[in-house]
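Everything below concerns the one structure shown next.
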Amino acid sequence: MHELTITQNILDIALNAASQQNARFIHTIRLRMGPFSGVVPECVQMYLDVLAKGTVAEGAKIEVTTVPLRVLCRDCGKESEITRTHIQCPYCGSLHLKRLSGREFMVESLEVD
Ligand SMILES: [Zn+2]
């Protein structure tokens with residue numbers, strides 16, 4: 001995943017949504033990302049500053065919400081949410097986990113005028 005491509009996608013989504021709402025400016029673009037999405041928010045902001053020039057998203061700020069990682073324990077069968085630093089089933093302590101999420105990266109909402 002490369003931030004430049006991702007940022008272009010984010011900008012396309014944001015501009016589409018903004019034109020549907022007849023927005024004049026986009027102030028904030030809120031993103032949700034999993035702990036394993038591999039995206040660096042600072043890079044997205046940097047590219048956005050360049051790519052958004054001359055559009056209604058010029059000067060828009062990126063806000064990132066990190067969503068927890070959901071896993072399914074292969075030993076006890078329970079689903080849980082864990083953090084990246086503590087990868088272990090909270091019910092039985094197993095390390096035998098199947099990752100259900102954590103790589104997502106999406107535009108959650110926009111703040112427009
Ligand atoms: Zn378990």
Hey, rough spin-label estimate for Gln88 and Glu108, points 7 angstrom out along Cα→Cβ, what's it come to in nanometres? 2.9
For the chain, which cysteines have no disulfide-compatible partner, meaning no other cysteine Cβ under 4.7 Å? Cys43
At most 13 other Cβ atoms within 10 Å and a DSSP loop assignment: could you name the chymotrypsin sites (Phe, Trp or Tyr not before Pro) in segment 37-105 that fit? Tyr91
Given a 1.4 Å probe and every protein chain left where it sits, what share in percent of the accessible area of the chain is carbon and sulfur? 51
Pairs of alpha-carbon atoms within less than 8 angstrom and 6+ residues apart define the contacts here; what relative contact order does the chain have, in percent? 36
Where both residues lie in the chain, what percent of DSSP beta bridges are antiparallel, nearest 5? 70
Quick one: 3J(HN,Hα) in Hz for segment 29-46, Karplus 6.51/-1.76/1.60 with θ = phi - 60°, rounded, Gly and Pro as x. 10, 9, 10, 10, 9, x, x, 10, 5, x, 9, 9, x, 4, 5, 4, 4, 4
Tilt of helix 3-20 relative to the longest C-alpha principal axis of the chain, in degrees (0 to 90, nearest 10)? 60
Mean residue ellipticity at 222 nm from the helices of the chain, using -39,500 (n - 2.57) per DSSP H segment of n ≥ 4 over the full residue count, to the nearest 500 deg cm²/dmol? -8500 deg cm²/dmol
Quick one: grab the alpha carbon gyration tensor of segment 1-88, order the square roots of its eigenvalues as a ≥ b ≥ c, and give me rounded if a/c is under 1.5, else prolate or oblate depending on whether a/b is larger than b/c. prolate
Estimated distance in nm for a label pair at Lys78 and Val40, the labels positioned 7 Å out from Cα along Cα-to-Cβ: 3.8
So, for segment 54-102, what is the accessible surface per residue at a probe of 1.4 Å, expressed in square angstrom? 64
Answer with one residue from Ala18, Thr28, Ile87: the one whose Cα lies farthest towards the positive end of the charge dipole of the chain, charges on Cβ with Lys, Arg +1 and Asp, Glu -1. Ile87
To the nearest 20 debye, the chain has a Cα-centred charge dipole, built from +1 on Lys and Arg Cβ and -1 on Asp and Glu Cβ, of 440
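The values are calculated or read from the model by the stated rules, or taken from the named source; none is laboratory data. Nothing here was measured: the structure is a model prediction, and the numbers come from that model. Positions of Cβ are backbone-derived with ideal geometry, glycine not excepted, and every protein chain shown enters the neighbour counts. The protein model used for the area step is the full one, side chains on, heavy atoms only, and it has no ligands, DNA or RNA in it. Shrake-Rupley method; radii C 1.70, N 1.55, O 1.52, S 1.80 Å.
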